[in-house]
Amino acid sequence: QVQLAESGGGLVQAGGSLRLSCAASGSIFRLNDMRWHRQAPRKGRELVAVINSGGTTNYADSVKGRFTISRDNAKKMVYLQMNSLKPEDTAVYYCNADVIPTIGMGAESYWGQGTQVTVSS
């Protein structure tokens, strides 16, 4: 079994910064794409950023230039550095990863429980 655990959420004023972390643990042969999603109240889940195993990144237009996704493959971690935060960034942020549990198996998608980010104006 694979677990993803997010940390680093909290309350911050507009213009401030937060760094989210996500630790993957359990039966993991390889971590492929790792992503951060968010879901604001009364809205659908939104893909915020993705990073592949080689370090190539992609971002939602709403966060480009403000958020940076990174990963540490040795530690099985993914991070989201969020700068210049806005009230509209308020949401629950979820970590998501495509995991190959054992050599020879296909990738499976796993999700963390989420961490709340609240940006006050």
Discussion item. When you scan segment 67-76, do you find a residue that is open to solvent by 30 Å² or more (accessible area, probe 1.4 Å) and closer than 14 Å to Ser17 by Cβ, even just one?
Written reply: yes
Worksheet, complete the sentence: Looking across segment 10-32 at residues that are among the polar types (S, T, N, Q) and closer than 17 Å to Asp72 by Cβ, the single one that is least open to solvent (accessible area, probe 1.4 Å) is Ser21
Discussion item. If Ile51 meets every condition in (1) among the aliphatic types (A, V, I, L, M); (2) open to solvent by 80 Å² or more (accessible area, probe 1.4 Å); (3) within 14 Å of the chain's Cα centre (by Cα) apart from one, which number is that one?
Written reply: (2)
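Counting only residues that are of a type outside the set (Ser, Thr, Tyr) and at pLDDT below 95, which one in segment 77-106 is least open to solvent (accessible area, probe 1.4 Å)? If you could, list the steps in order and put the result at the bottom.
The first filter runs over segment 77-106 and keeps only residues of a type outside the set (Ser, Thr, Tyr), leaving 77-78, 80-83, 85-89, 91-92, 95-101, 103-106.
Narrowing further to those that are at pLDDT below 95: 101, 103-106.
On the way: Pro101: 21, Ile103: 126, Gly104: 84, Met105: 88, Gly106: 51 Å².
It comes out as Pro101.
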Fill in: Qualifying strands (runs of 3 or more DSSP E) (wholly inside segment 44-121; at least 1 residues being farther than 22 Å from Gln1 by Cβ, without any contact (Cβ under 8 Å) to a residue 40 or more places away in the chain and touching a strand residue (DSSP E or B) at 6+ places or on another chain (Cβ under 7 Å))
45-51, 57-59, 67-72
Worksheet entry | Filtered residues of segment 1-38 (kept if free of Cβ contacts under 8 Å to residues at least 60 places away in the same chain, closer than 16 Å to Gln116 by Cβ and touching a Lys or Arg at 6+ places or on another chain (Cβ under 9 Å)) | His37
Discussion item. Scan segment 18-35 and tell me whether some residue there is among the charged types (D, E, K, R), within 11 Å of Asp89 (Cα to Cα) and assigned to a strand (DSSP E or B).
Written reply: no
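The values are calculated or read from the model by the stated rules, or taken from the named source; none is laboratory data. Computed from a prediction, not measured in an experiment: that's the story for all the values here. Quick reminder, even Gly has a Cβ in these numbers, built from the backbone with ideal geometry, and neighbours come from all protein chains shown. Accessible surface is based on the protein model in full, side chains and every heavy atom, while ligands, DNA and RNA are left aside. Shrake-Rupley method; radii C 1.70, N 1.55, O 1.52, S 1.80 Å.
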